[in-house]
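The values are calculated or read from the model by the stated rules, or taken from the named source; none is laboratory data. All figures in this text were calculated on a predicted structure; none of them were measured in a lab. Cβ sites come from the backbone with ideal geometry, for glycine too, and all protein chains shown count toward neighbours. Only protein heavy atoms, including side chains, enter the accessible area calculation; ligands, DNA and RNA are left aside. Shrake-Rupley method; radii C 1.70, N 1.55, O 1.52, S 1.80 Å.
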Amino acid sequence: MKDKELPVISLTELAKHNTAGDLWLAIHGTVYDVSKWHMYHPGGKIILAYAGWDVSDIFELFHPPRVAHMLAPMRRITIEGMNCPVDSCLIER
């Protein structure tokens with residue numbers, strides 16, 4: 001699914017998805033539903049602390065660009081006023 005086909009929500013709506021059973025994260029304007037995946041996060045439960053947030057800077061700080069492709073199956077929505085697919089926005093290291 002291409003980003004232009006994804007529904008659009010506000011950051012306020014994103015913030016409502018902030019529990020382990022309903023865990024969404026935004027990275028560079030794209031929202032990922034990690035509700036069923038977060039328990040496999042290699043970094044552990046820290047991911048729960050950022051549920052419902054825009055985690056673009058945190059993602060880049062702790063993840064190499066090569067992991068961006070792993071997010072595609074979890075992509076669900078875009079954030080209003082922001083639209084940049086994660087794999088094209090990551091800073092090369």
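Carbon and sulfur together cover what percent of the accessible area of region 1-64 at a 1.4 Å probe radius?
The nonpolar share, carbon plus sulfur, comes to 62 percent.
If you build the Cα gyration tensor of region 11-81 and take the root of 5 times each eigenvalue, what three semi-axes come out, in whole angstrom, biggest first?
One finds semi-axes of 16, 15, 11 Å for region 11-81.
Residues with beta-carbon under 13 Å from that of G52, excluding G52: net charge, scoring Lys, Arg +1 and Asp, Glu -1?
-3
With every protein chain left in place, what is the accessible area of I79 in Å² (1.4 Å probe, nearest 10)?
Solvent-accessible area, nearest 10 Å²: 0 Å².
Sorted by packing (mean other beta-carbon atoms within 10 Å per residue), highest first, where do 33-42, 46-55 land?
Packing order, densest peptide first, comes out as 46-55, 33-42.
Could you put V31, V8 in order of accessible surface area, largest first, with the 1.4 Å probe and the full protein assembly present?
Highest to lowest solvent-accessible surface, that is V8, V31.
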